[in-house]
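See structure below.
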Amino acid sequence: MPLLQGLGITILIAFLFYRSIIGMLVGVFIIPFWWKLKQQEMHEKRVARIALEFKEYMMLIVSGLQAGYSLERAVKQGEEELVKLYPKDSVLAGPIHIMNRKLTMNVQLEKAFDEFAREIELEEAISLSEIISFAKRSGGDYGRHIRETALKIEDNLSIKQEIETITTEKRLELKVMSVMPMGILAYISLTSESFIAPLYGNPLGAAVMTVCLLAYGFCISLGKRIIDIKV
């Protein structure tokens, strides 16, 4: 789908910016740019979903520990409850199930949880894995340390989700603003073609339009960087 979208944008750019089939050679460079943009969006959505489910999973583990379960039992119970929350479209159900299968095969919890955290590539999961490993080695009331760490990570994830919610409107505005220049150029091409005719069919006009196209792409990238707030 992103490839077809990139091809469509290439054809549109060839018409609006160059009015030439040769202009598609320039537009072809848009395809990898668009592909990377869409892949980044898909990755961000997946990471956000993983973070949401991991937060729920952590709190289920904490609830199990507070109920007096061992950490191993709380991890298993958390899987059962998470599947109930996300019966069909969970992105963590598979990795969590694999982790629990390892536990049934007598793999140490800290090792299984570390492999799970590395697989989902979530910073908070890796941090919790390190705390579990340390707590298991040091002994003592490791359940309390894990609960406290999980609650701190939960707060951090909640802040990230709040920021995501706040910036949703700005992301929509950025998409609209990204489309506007193309829309304005298309409108002028249809209603006042003679006004921009000198920009087509000559090297100087092609150079000007190429500079505009590069500036257009730079502004889109800059806009995404501005609203990409890291915690």
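The table below gives the values:
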| item | result |
| --- | --- |
| Verdict on Leu85 being in contact with a helix residue (DSSP H, G or I) (Cβ under 9 Å, 6 or more places away or on another chain) and either under 22 Å from Arg137 (Cβ atoms) or free of Cβ contacts under 8 Å to residues at least 24 places away in the same chain (or both) | no |
| Segments classed as helices (runs of 4 or more DSSP H), wholly inside segment 114-231, with at least 2 members that are closer than 22 Å to Phe17 by Cβ | 142-191, 193-196, 203-227 |
| Check on Ala48, in contact (Cβ under 8 Å) with a residue 24 or more places away in the chain and open to solvent by less than 70 Å² (accessible area, probe 1.4 Å) | yes |
| Checklist (1) under 30 Å from the mean Cα position of the chain (by Cα); (2) open to solvent by 50 Å² or more (accessible area, probe 1.4 Å) applied to Ser221, failing item | (2) |
| Any hit, segment 165-181, residues being in contact (Cβ under 8 Å) with a residue 60 or more places away in the chain, closer than 30 Å to Glu123 by Cα and not acidic (Asp, Glu) | yes |
| Checklist (1) open to solvent by less than 80 Å² (accessible area, probe 1.4 Å); (2) more than 18 Å from Glu56 (Cβ to Cβ) applied to Ala93, failing item | (2) |
| Condition check for Val211: open to solvent by 80 Å² or more (accessible area, probe 1.4 Å) and modelled with pLDDT under 85 | no |
| Any hit, segment 111-129, residues being touching a residue at least 40 places away in the same chain (Cβ under 8 Å) and more than 22 Å from the chain's Cα centre (by Cα) | no |
| Check on Ile132, open to solvent by 50 Å² or more (accessible area, probe 1.4 Å), out of contact with any Lys or Arg (no Cβ under 8 Å at 6 or more places or on another chain) and either closer than 30 Å to Glu44 by Cα or free of Cβ contacts under 8 Å to residues at least 24 places away in the same chain (or both) | no |
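For (1) outside any loop (DSSP other than H, G, I, E, B); (2) over 18 Å from Arg49 (Cβ atoms); (3) of a type in the set (A, V, I, L, M, F, W, C), each residue gets a yes or a no:
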| position | (1), (2), (3) |
| --- | --- |
| Glu72 | yes, yes, no |
| Glu81 | yes, no, no |
| Ser90 | no, no, no |
| Leu103 | yes, yes, yes |
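The values are calculated or read from the model by the stated rules, or taken from the named source; none is laboratory data. Because the structure is a prediction, the values reported are computed rather than measured. Virtual Cβ from ideal backbone geometry, glycine too; neighbours counted across all protein chains shown. Side chains are part of the model used for accessible areas, which takes the heavy atoms of the whole protein and leaves out ligands, DNA and RNA. Shrake-Rupley method; radii C 1.70, N 1.55, O 1.52, S 1.80 Å.
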